[in-house]
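The next block holds one structure in the form of structure tokens; read it before the comments.
The values are calculated or read from the model by the stated rules, or taken from the named source; none is laboratory data. Given the structure is predicted, the values throughout are model-derived calculations rather than measurements. Here the Cβ is made from the backbone with ideal geometry for all residues, glycine too, and neighbour counts use every protein chain on show. The area values use the complete protein model at the heavy-atom level, side chains included, leaving out ligands, DNA and RNA. Shrake-Rupley method; radii C 1.70, N 1.55, O 1.52, S 1.80 Å.
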Amino acid sequence: MYGMVNRAVEEMVLRHYDAATWEKIKAQAGVEEDAFISNDAYPDAMTYQLVTAASDCLDLPAEQILEAFGEHWILVTAQEGYGAMMDAGGRSLPEFLRNLPGFHARVSLIYPNLKPPRFQVSDLTGTSLHLHYFSHRPGLQPFVVGLIRGLAIRFATDVSIDVVASREQGADHDEFLVTWPAAERL
Ligand code: HEM
């Protein structure tokens, strides 16, 4: 994955803990880089190792770290680095989710070697939709839950997220039922 992902993990740890904790996580993950370069590609395994090491060092389940990382990605990384792109993504939670299938096509213009996820939306009603998440990578379902939670915070919307199909349970992709109160702009 692009270095910006590992950088964002580092930034999240520094924000909630300290530099010594981050060094400990890196050492346990076997990562020797002093710093990550946003535009360089790093092996996916490095990111997974960082999450596993953070889980060990902080004594938190990996799912909880991935979910927190999803929120951090929306509220800090994307907002601070790519505010205009986020603004163009939509003006409400449902609008942003409906536009999500096209979102990474724009990110790919900046990062041409991106291996993005694929999203689809179905069963849209005034208060809910189904979000389908297809990925080349395993185990990132909790990250997507955190991303949706981050978007709900961004738009100050109450959200409920139910996993209705899961790759871990044998489905070919993850599917979420996302529900919000009436009165949101579709
Ligand atoms: C401007 C904001 C964003 C940027 C710059 C961005 C960029 C990236 C990058 C660099 C990766 C790693 C993939 C790679 O390096 O090949 C990634 C992965 C991912 N992004 Fe985004 N992204 C943004 C917003 C979003 C949003 C809003 C969502 C969903 C709500 C999202 C969902 C994901 C997911 C789920 C992955 C995991 C990759 C996978 O499943 O294979 N991203 N994104």
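When residue 170 is tested against (1) of a type outside the set (S, T, N, Q); (2) under 17 Å from residue 51 (Cβ atoms); (3) open to solvent by 50 Å² or more (accessible area, probe 1.4 Å), just one condition goes unmet, and that condition is (2). Scanning the range 39-49 turns up at least one residue that is part of a helix (DSSP H, G or I) and open to solvent by 60 Å² or more (accessible area, probe 1.4 Å). When the residues of the range 80-95 are filtered to those that are near the ligand (Cβ under 9 Å from one of its atoms) and of a type outside the set (Gly, Ala, Ser), the one that is surrounded by the fewest Cβ atoms within 10 Å (Cβ to Cβ) is 85.
Taking every residue in the range 95-117 that is over 21 Å from residue 175 (Cβ atoms) and pairing it with any residue that is small (Gly, Ala, Ser) and outside any helix (DSSP H, G or I), at least 6 positions away or on another chain, the pairs with Cβ-Cβ distances below 8 Å are 113/41. Residues in the range 96-141 that are of a type outside the set (A, V, I, L, M), under 21 Å from residue 163 (Cβ atoms) and more than 10 Å from the ligand (Cβ to nearest atom): 98, 101, 120, 122, 123, 125, 127, 128, 130, 132. Could you go through the range 30-38 and let me know if any residue there is in a helix (DSSP H, G or I) and of a type in the set (S, T, N, Q). Taking every residue of the range 30-38 in turn, none turns out to be in a helix (DSSP H, G or I) and of a type in the set (S, T, N, Q).
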